[in-house]
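Data first, discussion second: the structure below is written as structure tokens.
The values are calculated or read from the model by the stated rules, or taken from the named source; none is laboratory data. Here the structure is a predicted model, which is why all the values come from computation and not from measurement. Neighbour counts are summed over all protein chains in view; Cβ atoms, including those assigned to glycine, are modelled from backbone coordinates with ideal geometry. Keep in mind that these areas ignore ligands, DNA and RNA; they rest on the heavy atoms of the full protein, side chains included. Shrake-Rupley method; radii C 1.70, N 1.55, O 1.52, S 1.80 Å.
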Amino acid sequence: LAAPVNRASESFGTKAFGSSELNFGVHFIKNINDGLYGNAHSWISANGVGGNSDPKPFVGLNFGGTIDLKRIAWSRDNGDVAGDCCGGTLTDRALGVYTLQVTRAPNPGVNTPETGDPKTGWATVGAFNYKSDGPPFRSALRHRFSLAQKAGGGIPATGIRLLVSNGFTAIDEIEINPYVANEDRKST
């Protein structure tokens, strides 16, 4: 199933990057913005089957210019790919802390430093702790978050990065500013 039209999509020229990937024929970095939902279109770090060859797993997006970041969504599973590898919605690999960082540095990527100042490197916007799974919060499903500066308006960014606390974490798709017409998609 296709993701809603959004600024993260590779069709807008947005480039995906990351610290590592689990190379089992699936779970590649490029999957976080390929516009498709499903396990075969997800990312998992190289730590996904054990070990810790990637001490600080992350994936990110380079927008190719400055955008106004207003909303971000991501998930382990969008909950609507009935024929996925395990017969339906995948609920594993979702618990942990997701740290959202932004930058306005030109051409952000794996070598952009973490400076705390978005003009020169990565700065943390917030951390999202998915501690448990159960009603009403389903950790594996798509969650959309609204973002704003203290002065109002979106956050100017040339790129974003999601650090994950667990190398087993899977991210199906990252969406940036999904269009309002698609806001009826599964989301909490």
Computed on Cα atoms only, the convex hull of the stretch 1-55 has an orientation-averaged projected area in nm² of 4.0 nm²
For the chain, fraction of C-alpha pairs farther apart than 30 Å, in %: 12 percent
With all protein chains present, the chain has a carbon and sulfur share of its accessible area (1.4 Å probe) in percent of 53 percent
Read phi for every residue in the stretch 94-101 and hand back ³J(HN,Hα) as whole Hz from Karplus 6.51 cos²θ - 1.76 cosθ + 1.60, θ = phi - 60°, with x for Gly and Pro. 10, 6, x, 9, 10, 9, 8, 10
Amide H to amide H under 5 Å from Gly64: which residues, 5+ apart in sequence or cross-chain, H placed 1.01 Å off N in plane? Lys15
Considering only protein heavy atoms, what per residue accessible area in square angstrom results for the chain with a 1.4 angstrom probe? 45 Å²
Radius 15 Å from Cβ of Ala16, net charge of other residues (Lys, Arg +1; Asp, Glu -1): -2
How high is the relative contact order of the chain, in percent, counting Cα pairs under 8 Å that sit 6 or more residues apart? 32 percent
